[in-house]
Structure formats: structure tokens, C-alpha cells
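**Student:** My questions all concern the structure below.
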Amino acid sequence: MKTLLKKTLLGAVIALVGVQSNAELNMQTGSQAKVSWGGQGSLDKARAIMYNSTPQTTSFNSGNYNNYNNSYSEDDSYNPAWSQDTTRASGSYFANSKGALVVDALTGNTIYEKNADIARPIASISKLMTAVVVAESGANMSETLTISPLDFKTPKQSGSDRLKVGDQLNRAEMLLMMMMKSENPAAKALARTDPMGYDNFISRMNQKARELGMTQTRYYDPSGLDSRNVASPRDLAILARYAYKHNLISQFSTTPSRQFGVNNINSGYRTIAARSTNYMVRDGLYNIGLSKTGYIREAGNCVLFETNVGNRPAIVVLLGANDSKTRWNDAENIIANLSMRRFT
């Protein structure tokens, strides 16, 4: 039942040369390669440079193929203690999470739901909308962003075991750090340095939600540390189907791990090793096409992901699990049952 998929990063460092303010991404082969960023059309090619792969239009999978702490870090060390041939399904779609929704990614039809229209705090799943706004902003993806003390001033204490004040990453790397490692300072930095300003960035998050028909969704900050960031499972499924179309978001959110070369304006160069907050992505247990986890005390443990089971793509949203184990047990149980479902 389990699909073993190891997503290997082939490329390493972004080569960033010759930036022009409104230029599309242009590449010339050979040693004189010139890269410049900016504009929606450059994002797909950004993915190609990051991962040394051919730009392509993302389509849904089709068969081709921590608990609470003071700093609200999501580096979930949960590792399931079962063999690859073990099935943990209970034989039903029952979820212990407070809110749950499974939809057919192609049609949007509901497969399973539990309190799917009740809005709840969504914690770092908020970062999925943050990524959409960044991706559609036309901002220069090679622009160097510097982590500021302001990026640690959030509704809750925003600690980081990776990023420090003075760290410098370009916008694309900051986006990857946010989506893969769920770094809260990275989310704040992306919104703070938006060409139209922080307040306008938050307004555009809410505007996009309205455009997509997410009627029970509200955003107050880009990281999800503000417990007023709420959405229903049904709204988040709408967002997932939309966000998946962005190659960059899909790829960044399902990157298992990466080493970042970071310059700090105070202490110099160092290497940061970071990994995905989703163990299913880290371990390559399933074909995951989009992923975002979340946790604050008010939201409980949350996860949103797209996966392919039984040659059919599905989006799974789980909100309000009491602990990390419950969240992942629900995810495993749903996936196992999806593999036995006959799609029509």
C-alpha cells in the first residue's frame, strides 16, 4: 500500500547574477549563464534552478510517479515505529482530530468530512497563503533579505533554532526555509520586505482568501502565531487545490531537507541544516505533492497535504489534533483507507 518515494535534491545553490528590477528569468547555457529574477513567469524557472530540473506545469499526482514549547517551533521529531509493510489502518475513515476533510483533488468532491465547516485556529498552515502571496507578488526572488529583530516580535514568542538576527538569505531561500522548516522569522521577513509593505501583505492574504471563496478564513499575521488566524477544513482544501498549481510552492513544501549557506552581518558565514516538519516528506513514505504542518496551543496539531493513493490524488486537512501522534495516526489511517476506496 505504501508508496516509497525518495525526493532527492539534485541541485544545490542558486546562482544569482545580473538582477534587473522587472526582468523575467533568462538563462543562457554555458559558463556565461546569466540569471535575473522578477515576475510571475520566473517562478517556475526558479524551481528549475533550485532543483536542477526542467520547468513544467504542476498537475495533481496521477500515478506517475512537536508538541508545545515556549518558542513554538514545529521541528516534529515524531518517527513512527513500524515497518514499511505494516498497515495501521482501522478500516474506517474516522479521524480523532477535531476537524477533518478529505477531497478528491481533481473534482473537489468530498470523500470524508468531520466538522469541515467550522473555523479553527490554523497555526502555521497560514504560511501556505503567505507563500501564495509571495509567489504572486512579482517581488525580486534574488533580493537579499536580512533577518531583523522585528521578525522575532510576533503574537507569541517566536524562537528559532536555525535563524538569527542578521542572517541573510535571498527571497527564494527564505520562502523555502518557511515552507520546509516552517521558520516563523522567515515568514515575518517575507511579509515585512514585501514591495508594498507589511500591512498591505496581510490585506492581500485576506483578499486572496475572499477571491478563492474561503468565506470562513481570516489572517492577522503571516506565520500563524496569531491565534486569530482561522479557517475551516473546507476553506483550506480550496487553498490547497489553488496553491498546488504553483510549482515553487509544491516543490518547496515537499523538500525533505536542505543545507543553507548563510551569511550573518554580525558573525559571518555558517551552514544551516534544515529538514521538513512533515515526517512523511522526510522519510519518503508517500508520494506527497504539497505539505504544511502547524502547531500552536490554541490550534492543536494540524496538517494539510496532497497525496496520491490508488492512482487518484486527494487533499487531506486535519485540524485540532490533541498531540502529534494523533495527527499522524489520523493521516496514516485516512491514507490507508483511501487506498481501498473505489473512485467514481
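**Student:** Pop out the carbon and sulfur fraction of the accessible area of region 271-344 as a percent, whole number, probe 1.4 Å.
**Tutor:** 40 percent
**Student:** Please report Rg over Rh for region 184-278, where both radii come from the alpha carbon positions and Rh follows the Kirkwood definition.
**Tutor:** 1.02
**Student:** Would you mind telling me the share, in percent, of accessible area of region 137-197 contributed by carbon and sulfur at probe 1.4 angstrom?
**Tutor:** Exposed carbon and sulfur together represent 50 percent of the surface.
**Student:** Additional query: Rounded to the nearest 0.05, what FRET efficiency is calculated for PHE94 and ASP117 with R0 set to 25 Å and r the Cβ-Cβ distance?
**Tutor:** Calculated transfer efficiency: 0.85.
**Student:** Taking a 19 Å limit on the Cα-Cα distance, which of the listed pairs LYS98/LYS156; LYS114/LYS156; LYS127/LYS208 fall beyond it?
**Tutor:** Distance filter (> 19 Å) returns LYS98/LYS156; LYS114/LYS156.
**Student:** At 1.4 Å probe radius, can you tell me the per residue accessible area of region 201-260 in Å²?
**Tutor:** On a per-residue basis, 33 Å².
**Student:** Test of understanding: what is the full-extension gain from LEU150 to SER267, defined as 0.36 nm times their sequence separation minus their Cα-Cα distance?
**Tutor:** That pair, LEU150 and SER267, stretches by 40.2 nm at full extension.
**Student:** Follow-up question, since we're still on this one. Could you calculate the contour length gain from SER339 to GLN216, that is, 0.36 nm times the residue separation minus the distance between their Cα atoms, to one decimal place in nm?
**Tutor:** Extra length available between SER339 and GLN216 comes to 41.2 nm.
**Student:** Residue by residue through region 203-219, what is 3J(HN,Hα) from phi via Karplus (6.51 cos²θ - 1.76 cosθ + 1.60, θ = phi - 60°)? Round to whole Hz and write x for glycine and proline.
**Tutor:** Each residue's phi maps through the Karplus curve to give 4, 5, 4, 6, 5, 5, 4, 5, 4, 7, x, 8, 6, 10, 10, 9, 10 Hz.
**Student:** Not counting ligands, DNA or RNA, and with a 1.4 Å probe, what is GLU298's accessible surface area in Å² rounded to the nearest 10?
**Tutor:** About 80 Å², ignoring ligands and nucleic acids.
The values are calculated or read from the model by the stated rules, or taken from the named source; none is laboratory data. This structure is a prediction, so every number in the text was calculated from the model and none was measured. Note that we place each Cβ from the backbone using ideal geometry, even for glycine, and neighbour counts take in every protein chain shown. In case anyone asks, the SASA skips ligands and DNA or RNA and just uses the protein heavy atoms, side chains included. Shrake-Rupley method; radii C 1.70, N 1.55, O 1.52, S 1.80 Å.
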